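The values are calculated or read from the model by the stated rules, or taken from the named source; none is laboratory data. None of these values were measured; they are calculated from a predicted model. When we count neighbours, we look across all protein chains shown, and the Cβ atoms used for this are built from the backbone with ideal geometry, even at glycine. Note: areas computed on protein heavy atoms with side chains; ligands, DNA, RNA excluded. Shrake-Rupley method; radii C 1.70, N 1.55, O 1.52, S 1.80 Å.
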Amino acid sequence: MRSRIEKIGLIGLGLIAGVLISLQFSAIADKDSAEPLPIEELRAFSEVFGRIKSDYVEPVTDKKLITEAITGMLTGLDPHSAYLDADAFKELQIGTQGEFGGLGIEVGMEDGLVKVISPIEDSPAYHAGMKSGDLIIKLDDVMVKSLTLGDAVKRMRGKPGSKIILTVIRKDAPKPLTFTLTRAIIKVQSVKSKLIEPGYAFIRITQFQEHTGENLATALNNLFKQNQGTMKGLVLDLRNDPGGLLNSSVAASAAFLPKDALVVYTEGRNSDAKMRLTAVPNDYLRNNEKDYLKNLPAAVKTVPMIVLVNGGSASASEIVAGALQDHKRAVIMGTQTFGKGSVQSVLPLGNNTAIKLTTARYFTPGGRSIQAKGIVPDIVVEDPATIDQDQTFRMREADLERHLSNSQEVDVKAGVTVKPTTPAPATPTKSPTKREEGDTAKPKMLEFGSKEDYQLHQALNLLKGMNILQGK
């Protein structure tokens, strides 16, 4: 028996060695220290492989074991690195184009449970009342604890019109909640806009997709034409925007910043992970596109501007908020953002699969690391609809298990400590009303940009006050 296990183990070791070679791990095991591969750990791995092959209660294929090993390697690093099988890789590519099937929630993994980062606006999950921070413990009759994040996402995706029951733990609810959701084709409208009143415009970016830059340029041009006069103020709404494509966030920033202004830079171990992205066409256009920002009204660069953010603003939306804040182009208002300041590179493996690997950290133009800290607003204004959960219960990057630490605000390139120049947040402005303690009634879903949008009205009041002070 032992010789058989050893034989199987050697086969397993050979398989793993082949995988390592195919992924060129032997060449990049550790470029900096050139340490040899850990033979003892690899030997232990091969022994475990052999034990599973010979003793597990049911036969297990080599493919499954190696796939699970790769999955474990990646999920053990941080909450955002992952192995993408053929289906997951295809879904990722489709999702960035703004249309996919499912429930409409941005999710992560926390303590073996699926945690809602943000419901996508106008999706089944959004209309059902799911919230950021909800913990999904059961999908139909299957306990989430037994699933990987990829498996859970697969179960939530499905044929449009089919139903799924989600059992959810919510910190301010006395018992688990159940949501029966009908899957749908999720068509995310990336940019929404309207003229609130003469001279004051509202633009909301729900997610950064392939055509967000173009859609933003179209919206701005239409608003300025519709206004037929001097534009006195602009509100850019990034609340509950979970992020998306980096080049689209650069385009959104470039729309409001001077040419060549630094938008974001990244620092990682490899040279290709170190980037400086600025407000120039080469850093936001795809392929041979025409510069859709070229013919924007000149006033777009100077109109008084407020950016609304909250704990659901993550990644690409934090890049935009940080860039406009550091360049003093806009006043940031709302609550502290999510704090996802890491870069994930999607690396295809050649068999229609890929790995999503964290390769760098984002830094704002002023040298602030977004990771696990987020963007602190210049003016803190809490939303009365979420005042009882936004600060106390809302999940942020720093709450995720195995999250990357902040880089202590050390500029990796210069090797010196960077002291952020962001002003201290003002005393939080709170709504005059608040849900009574113990009231577990389902709150009304807030429609951003509506007449009931308290934060938006606070932004408009500030813009009007700024214009009065400037004598406009």
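Odds and ends about this structure:
- Verdict on Ala173 being within 21 Å of His80 (Cβ to Cβ), modelled with pLDDT of 85 or more and either open to solvent by less than 30 Å² (accessible area, probe 1.4 Å) or not basic (Lys, Arg) (or both): no
- For Glu35: the one exception among (1) open to solvent by less than 80 Å² (accessible area, probe 1.4 Å); (2) at pLDDT 50 or above; (3) not in a helix (DSSP H, G or I): (1)
- Segment 220-243, residues that are in contact with a strand residue (DSSP E or B) (Cβ under 8 Å, 6 or more places away or on another chain), assigned to a loop (DSSP other than H, G, I, E, B) and open to solvent by 10 Å² or more (accessible area, probe 1.4 Å): Met231, Lys232, Asn240, Pro242
- Count - residues of segment 300-314 that are out of contact with any Phe, Trp or Tyr (no Cβ under 7 Å at 6 or more places or on another chain) and either under 24 Å from Asp260 (Cβ atoms) or at pLDDT 95 or above (or both): 7
- Reported count of residues in segment 309-323, each being under 14 Å from Ser369 (Cβ atoms) and among the polar types (S, T, N, Q), is 1.
- Hey, Ala217 closer than 30 Å to Tyr284 by Cβ and outside any strand (DSSP E or B) or not: yes
- Residues that are of a type outside the set (D, E, K, R) and part of a loop (DSSP other than H, G, I, E, B), drawn from segment 148-183: Thr148, Gly158, Pro160, Gly161, Ser162, Ala173, Pro174, Pro176
- Options Gly350, Gly367: the member that is open to solvent by less than 10 Å² (accessible area, probe 1.4 Å), out of contact with any helix residue (DSSP H, G or I) (no Cβ under 7 Å at 6 or more places or on another chain) and assigned to a loop (DSSP other than H, G, I, E, B): Gly367
- Residue within segment 92-114 that is touching a Gly at 6+ places or on another chain (Cβ under 6 Å) and surrounded by fewer than 21 Cβ atoms within 10 Å (Cβ to Cβ) present: no
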